[in-house]
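Novice: Structure incoming, see below.
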Amino acid sequence: MSHQPAVATKMSGEMDKPLISLHLVDSDSSLAKVPDEAPKVGILGSGDFARSLATRLVGSGFKVVVGSRNPKRTAGLFPSAAQVTFQEEAVSSPEVIFVAVFREHYASLCSLSEQLVGKILVDVSNPTEQEHLQHRESNAEYLASLFPTCTVVKAFNVISAWTLQAGPRDGNRQVPICSDQPEAKRAVSEMALAMGFMPVDMGSLASAREVEAMPLRLLPAWKVPTLLALGLFVCFYAYNFVRDVLQPYMQESQNKFFKLPVSVVNTTLPCVAYVLLSLVYLPGVLAAALQLQRGTKYQRFPDWLDHWLQHRKQIGLLSFFCAALHALYSFCLPLRRAHRYDLVNLAVKQVLANKSHLWVEEEVWRMEIYLSLGVLALGTLSLLAVTSLPSIANSLNWREFSFVQSSLGFVALVLSTLHTLTYGWTRAFEESRYKFYLPPTFTLTLLVPCVIILAKALFLLPCISRRLTRIRRGWERDGAIKFTMPTDHALAEKTSHV
Ligand code: NAP
């Protein structure tokens, strides 16, 4: 099959195309009329996807013929440049035919088998979650089994009808494509390029199940980090509630429940942000310690550490999110009625005590430094968050990226630690701060970051740093590479001397 659309060559120009919609296509005479020599594409089905696809194809310079069971009823919904006809007629001349109908209706197309011999069928379908679990074979493989004389290509299922109509944008431009026939795959890839999308070769049709599972996923990489952040939030919130609300209520008969919506949340958020940030750098320290202990980098990390390393970006972004919320909540603190009453009461107390000037030098300095460190830490975290965006990360080389994410990230951790320490000041040593014998919350959060900072300082010692660098360049303690076989414990380690 050598379908080579002429328009495919003007790929970069196509990407800059303005949005096209049905009325635009019809109002713009250049789009409404497609040259006779333009490659012809067929579409089976006249639903939402078929309409958007036809609009996009016409806008990209293709001749489109739509096959419907009831062309009279549906013709008015398509751009006038697209021909809408009966299914039999629509599939007779194009080499590439998009099947824009649901899986359960594939069998109803079997009457077209003879006309479809040797053609490329593009399966755009998406199963529901239930259908995906129910059927072991993908929709595309099922279509291929119904039409053995055709070549089936799985493509465009990850693109919504809306995106097709509005035109490709950053983020959802990628179109995973798979087929057993490289020529057919190339033809569909060229069409995707001509429409302004980015084809991604996913291999043979056996990958179709994986491609069909893509739109069903709901932020898979975020599941564990989000649960972790929520878990930390619940634990710290409960801890702060006991210390700041329950203890005054039970032991001093003071009603501080008004603190629940803002104050307790604002003491919880920095704890979560800080612990999450330390959890971004802890797996790196553990990995380095493991390599030092094993004396090689050629042994796989345990699965839990591997997963943890892979989720650092999401954990870091959640840390930034909590830190940003903490900053916003802190700005709102003076707006609260409770804060105003506190200020007035303090002023009255001052007058009654006949004190004219309240100024505690140490407190003033502590607050200035504490705030400044907090702003710097948040600023550095914002830089990390911005550079983790694919469009920015792609513009950095590997050294720049690792400098920002590793060195600058560590700076953010140190700044956050200093921010926490200046917040705590001497409170950790005051007996009155241990409410219900519970230590102040900030002392708990300092534990992991301090271990990380100490470990990083240890790794900087010349004897350890040299050894770690050599290991990471391939040096091994016993001069052997060990391959760990995950399944067979009897053959757990095979040593190959290289
Ligand atoms: P739709 O609006 O319900 O259209 C389905 C079309 O299938 C109908 O308009 C109908 O056109 C045609 N059809 C052919 N044989 C049929 C039969 N025996 N019974 C009923 N209809 C039959 O659905 P859609 O949203 O366009 O989706 C079509 C395919 O695209 C699906 O496989 C879907 O998974 C996939 N998809 C859709 C989107 C999206 O955003 N909508 C995104 C990605 C993939 P005629 O009546 O003219 O024959």
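The values are calculated or read from the model by the stated rules, or taken from the named source; none is laboratory data. Here the structure is a predicted model, which means the values were calculated and not measured. So basically every Cβ, Gly included, is an ideal-geometry build from the backbone, and we count neighbours across all protein chains shown. Heads up: the accessible areas ignore ligands, DNA and RNA and are worked out on the full protein's heavy atoms, side chains in. Shrake-Rupley method; radii C 1.70, N 1.55, O 1.52, S 1.80 Å.
Novice: Under the classification rounded if a/c is under 1.5, otherwise prolate if a/b is larger than b/c and oblate if not, where does the range 73-134 fall, given a ≥ b ≥ c as square roots of the Cα gyration tensor eigenvalues?
Specialist: On the way: a/c = 2.16, a/b = 1.40, b/c = 1.55.
Judged from the Cα gyration tensor, the range 73-134 comes out oblate (a/c at least 1.5, b/c at or above a/b).
Novice: If you don't mind, there's one more thing I want to ask. Can you list residues whose amide H is under 5 Å from Val262's amide H, if they're 5+ apart or on another chain and H is modeled 1.01 Å from N?
Specialist: none
Novice: Mean residue ellipticity at 222 nm from the helices of the chain, using -39,500 (n - 2.57) per DSSP H segment of n ≥ 4 over the full residue count, to the nearest 500 deg cm²/dmol? Present the calculation step by step, with values, prior to reporting the outcome.
Specialist: Numbers: 25 runs with 261 residues, N = 498.
So the helix-based figure for the chain works out to -15500 deg cm²/dmol.
Novice: Find the relative contact order for the range 81-222 and round it to a whole percent, using C-alpha pairs within less than 8 Å whose residues are 6+ positions apart. Walk me through the numbers before you get to the answer.
Specialist: Working: 205 pairs, mean separation 30.6, N = 142.
Relative contact order, the range 81-222: 22 percent.
Novice: Compute the helix-to-body angle for 48-59: its Cα long axis versus the longest principal axis of the chain, expressed 0 to 90° and rounded to tens.
Specialist: Roughly 80 degrees, rounded to the nearest 10.
Novice: From Cα pairs below 8 angstrom and at least 6 apart in sequence, can you work out the relative contact order of the chain, rounded to a whole percent? Please list the in-between numbers first.
Specialist: Numbers: 685 pairs, mean separation 55.7, N = 498.
Worked out over the chain, it gives 11 percent.
Novice: Further, regarding this structure: On the full set of protein chains, 1.4 Å probe, figure out the accessible area of Met250 and give it in Å² to the nearest 10.
Specialist: 120 Å²
Novice: Same structure, new question: Among Gln299, Leu230, Val262, pick out the residue whose Cα is farthest towards the positive end of the charge dipole of the range 220-304, where Lys and Arg carry +1 and Asp and Glu carry -1 on C-beta, about the Cα centre.
Specialist: Gln299
Novice: If you don't mind, there's one more thing I want to ask. Could you report the chain's accessible area per residue, 1.4 Å probe, as an integer in Å²?
Specialist: It amounts to 55 Å² per residue over the chain.
Novice: Rank these by accessible area, largest first, 1.4 Å probe: His105, His357, His132. Please report the intermediate quantities before stating the final value.
Specialist: Values: His105 90, His357 140, His132 30 Å².
Per-residue accessible area, sorted high to low, gives His357, His105, His132.
Novice: For the peptides 80-88, 367-375, 460-468, what is the packing order when you average, over each peptide's residues, the other Cβ atoms within 10 Å and list the highest mean first?
Specialist: Details: 80-88: 18.9, 367-375: 15.6, 460-468: 11.6.
Sorting 80-88, 367-375, 460-468 by mean packing, highest first, produces 80-88, 367-375, 460-468.
Novice: Is the shape of the range 55-212 rounded, prolate or oblate, going by the alpha carbon gyration tensor and its root eigenvalues a ≥ b ≥ c, with a/c under 1.5 for rounded and a/b larger than b/c for prolate? Display every interim value, and only then the final one.
Specialist: Numbers: a/c = 1.42, a/b = 1.09, b/c = 1.31.
Note, shape of the range 55-212 comes out rounded.
Novice: Going by a ≥ b ≥ c, the root eigenvalues of the Cα gyration tensor, does the range 54-95 fall in the rounded group (a/c under 1.5), the prolate group (a/b larger than b/c) or the oblate group?
Specialist: Details: a/c = 2.95, a/b = 1.19, b/c = 2.48.
Verdict is oblate for the range 54-95.
Novice: Would you check the accessible area of Glu37, probe 1.4 Å, heavy atoms only, in square angstrom rounded to 10?
Specialist: 150 Å²
Novice: Which angle from 0 to 90°, rounded to the nearest 10, does the C-alpha axis of helix 409-424 make with the longest principal axis of the chain?
Specialist: Rounded to the nearest ten degrees, it is 40.
Novice: Expressed in nm to one decimal, what extension gain is obtained for the pair Leu218 and Val234 from 0.36 nm per residue of sequence separation less their Cα-Cα distance? Don't skip to the answer; put the middle values down first.
Specialist: On the way: separation 16, 0.36 × 16 = 5.76 nm, distance 2.31 nm.
Going from the current span to full extension adds 3.4 nm.
Novice: Moving to a separate point now. Post the alpha-carbon centroid distance, the range 47-118 to the range 140-180, in whole angstrom.
Specialist: Cα centres, the range 47-118 to the range 140-180: 15 Å.
Novice: Going by average Cβ density within 10 Å per residue, which order do the peptides 389-397, 121-129, 410-418 take, highest to lowest? Each step should come with its number before you reach the end.
Specialist: Numbers: 389-397: 10.9, 121-129: 21.9, 410-418: 20.2.
Taking the mean over residues of other Cβ atoms within 10 Å, the ranking is 121-129, 410-418, 389-397.
Novice: What nm value, rounded to one decimal, do you get for the distance between Asp180 and Thr469 when each label is placed 7 Å out toward the C-beta?
Specialist: Each label point lies 7 Å from its Cα, and together they span 5.5 nm.
Novice: Another one. In the chain, what percent of the accessible surface is made up of carbon and sulfur (1.4 Å probe, ligands and nucleic acids excluded)? Walk me through the intermediate numbers first.
Specialist: Numbers: 17110 of 27560 Å².
The C+S portion of the solvent-accessible surface of the chain is 62 percent.
Novice: Give me the accessible area of Trp304, 1.4 Å probe, in Å² rounded to the nearest 10.
Specialist: Accessible area, nearest 10 Å²: 150 Å².
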